[in-house]
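Throughout, read-outs are computed from the coordinates displayed, never taken from laboratory work. Because the structure is predicted, anything quoted here is derived from the model rather than measured. All Cβ positions, even for glycine, are placed from backbone atoms using ideal geometry, and neighbour counts span all protein chains on display.
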Amino acid sequence: MKIAVVGTGYVGLVTGTCFAEVGIDVTCIDIDQKKIDNLHKGILPIYEPGLEEMVSRNVEKGRLHFSTNLAEGIKDADVAFIAVGTPPGEDGSADLKYVLAVARGIGENMNNYGVIVTKSTVPVGTAAKVRAEIEQALAKRGADITFDVASNPEFLKEGAAIDDFLKPDRIVVGVASERAEEVMTKLYKPFLLNGHPIIFMDIPSAEMTKYAANSMLATKISFMNDIANLCEIMGADVNMVRKGIGSDARIGTKFIYPGIGYGGSCFPKDVKALIKTAAENGYEMQVLKAVESVNDAQKEVLFDKVKKHFGGDLKGKKMAVWGLSFKPKTDDMREAPSLVIIEKLLAEGCTVTAYDPVAVAEAKHSLGDRITYAKDEFEALIDADALLVVTEWPEFRSPNFEVVARLMKQKAIFDGRNIYDAKELHEAGFTYHCIGIRT
Ligand code: UGA
């Protein structure tokens, strides 16, 4: 089979590379010449564990190509994925201009039957717009070529994207013809060996599935953050409550970890977009509105604890921050709680020294030189009045607390991810604050 993937962002690059990995001929296309030049040199636009090696291996094998030439890339392709960005507009709705521009380009250049698949997260009804755009472009050039559209939402987690792609829990595909179903079945066959299903459905349902999945996951997190906050007030321990409820299979143990709010490019954007889509269609997503406002408030919880600890006066205090990215194993800073927390600390007159293993370059886009970036986690602690653990990178999990204590001016730790043991820290002489746990 031969496929084209348009858009070499996160989803497009992982998708294209993983299809090449199983032996399919893949061309990844992007309008950004610099991005394509870099990819030819093996320089990736994102950090994702294992991806760099996989890209170079498949390029060497001649199965993975990069190009700015859409016409060339989609020539003879059985399937073309649209994986370009859908940035949120001012009002929170997904902006489809890039998706539709690609659809137009495909219509202008396709030369045989193919399935055009939306892979980016797109609102219900987008595949129909893609179809109309392609039909228009074909009509303009008087070409009589049949094609199908399909919706194939992506469920990758940053930091675990390759594994998620190669061994998916499920593959969801929305189709409107048997022919498209056959093509998609053949394409995904190599990924179904672990027995997990490919679920075919109508196109609007597939489009909705993506939003419903992310919204449900975001709901779990906001719900647990609410419970954690109440646990603190009532003297309960959210770790115990989490275990207590998680053992009910209907609830499950995953995605019920409280913290400092969800971030990233997906949950915040998708929750907003679904609220907006519903509103546009005369329906109010009451639960999701609450999910969003709980999350906004949760991003401030750690700061509030710091402020309370210092009696309301943070002026001149030196704060060490461990972790900047919205979660470990990624350099993604989009909607990262660290940004909210650091802005609040700076506004109170603190100085901030942060350490993150990979996200510093990304963080500099928003924080610039308003904070100091340490070369490692220990350097960040020198003379600090408090340590805020913002991202649970594995290397922060078990530091030598004697060294930590020696470096800091005051022994206060604010753990936004509940990764430490309160008893151990008290014994080491620290004041310890975390989320929803008795300390
Ligand atoms: C999320 C979904 O998990 C993927 O299934 C989906 O494909 C992806 O969005 C997408 O739409 O592209 P991702 O944004 O990479 O993936 O990150 P997650 O690992 O899901 O974490 C999201 C946020 O939730 C992080 O800020 C994390 O710290 C937070 N979280 C997660 C919690 O606060 N508690 C938890 O128990 C789990």
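Would you work out the charge dipole size for the range 31-85 about its Cα centre, treating the Cβ of every Lys and Arg as +1 and the Cβ of every Asp and Glu as -1, and quote it to the nearest 20 debye?
80
Equivalent ellipsoid semi-axes for the range 105-163, as square roots of 5 times the alpha carbon gyration tensor eigenvalues: give them largest first, rounded to whole Å.
Value: 28, 12, 8 Å, ordered largest first.
Please say if the range 327-420 is rounded, prolate or oblate, where rounded means a/c under 1.5 for a ≥ b ≥ c the square roots of the C-alpha gyration tensor eigenvalues, and otherwise the choice is prolate for a/b larger than b/c and oblate otherwise?
oblate
At 1.567 mPa s and 4 °C, plugging the Kirkwood radius over alpha-carbon pairs of the chain into Stokes-Einstein gives what diffusion coefficient in µm²/s?
55
Answer with one residue from ILE203, ASN214, TYR188: the one whose Cα lies farthest towards the positive end of the charge dipole of the range 127-224, charges on Cβ with Lys, Arg +1 and Asp, Glu -1.
Checked the options; the winner is ASN214.
Just flag the GluC sites (Glu not before Pro) in the range 233-326 sitting in loop per DSSP whose Cβ has no more than 12 other Cβ atoms within 10 Å.
Passing both the DSSP loop test and the Cβ count: GLU284.
Determine the equivalent ellipsoid of the range 128-191 by diagonalising the alpha-carbon gyration tensor, then write out the semi-axes as square roots of 5 times the eigenvalues, largest first, rounded to whole Å.
30, 14, 9
Can you tally the net charge around VAL14? Count Lys and Arg as +1, Asp and Glu as -1, for every other residue whose Cβ sits under 11 Å from the Cβ of VAL14.
-4
Cut-off is 10 Å between beta-carbons; in what order do SER398, SER265, SER177 appear when sorted fewest neighbours first?
With the sparsest Cβ surroundings first, the list reads SER398, SER177, SER265.
If amide H atoms are built 1.01 Å from N in the plane of the peptide, which residues on other chains or at least 5 residues away come under 5 Å of the amide H of VAL5?
Those lying under 5 Å, H to H, from VAL5 are THR27, CYS28, ILE29, PHE81.
To the nearest 20 Debye, how big is the dipole of the range 211-297 about its Cα centre, given +1 on the beta carbon of each Lys and Arg and -1 on that of each Asp and Glu?
Charge dipole of the range 211-297: 260 debye, to the nearest 20.
Where does each of HIS40, HIS309 land when they are ranked from fewest to most other beta-carbon atoms within 10 angstrom?
HIS40, HIS309
Using a ≥ b ≥ c from the Cα gyration tensor of the range 211-297 (square roots of the eigenvalues), is it rounded, prolate or oblate, where a/c under 1.5 gives rounded and otherwise the larger of a/b and b/c decides, a/b for prolate?
Since a/c reaches 1.5 and a/b is larger than b/c, the shape of the range 211-297 is classed as prolate.
Compute the signed sum of charges (Lys and Arg +1, Asp and Glu -1) over the other residues within less than 12 Å, Cβ to Cβ, of GLY246.
Taking every Cβ under 12 Å from that of GLY246, the sum is +4.
Rounded, prolate or oblate for the range 2-201? Axes are the square roots of the Cα gyration tensor eigenvalues, ordered a ≥ b ≥ c, and the cut-off for rounded is a/c under 1.5.
It is rounded, given that a/c, with a ≥ b ≥ c, falls under 1.5.
If you put +1 on each Lys and Arg Cβ and -1 on each Asp and Glu Cβ, how big is the dipole of the chain around its Cα centre, in Debye rounded to 20?
320
Given a cut-off of 18 Å, name the pairs among LYS344/LYS375; LYS269/LYS344; LYS317/LYS409; LYS269/LYS299 whose C-alpha atoms lie farther apart than that in the structure shown.
Listed pairs above 18 Å: LYS344/LYS375; LYS269/LYS344.
I need the fraction of alpha carbon pairs in the range 1-66 separated by more than 13 Å, rounded to a whole percent.
Cα-Cα pairs in the range 1-66 separated by more than 13 Å: 55 percent.
Can you sort LYS364, LYS35 from fewest to most other Cβ atoms within 10 Å of each residue's own Cβ?
Taking fewest neighbouring Cβ atoms as first place, the list is LYS364, LYS35.
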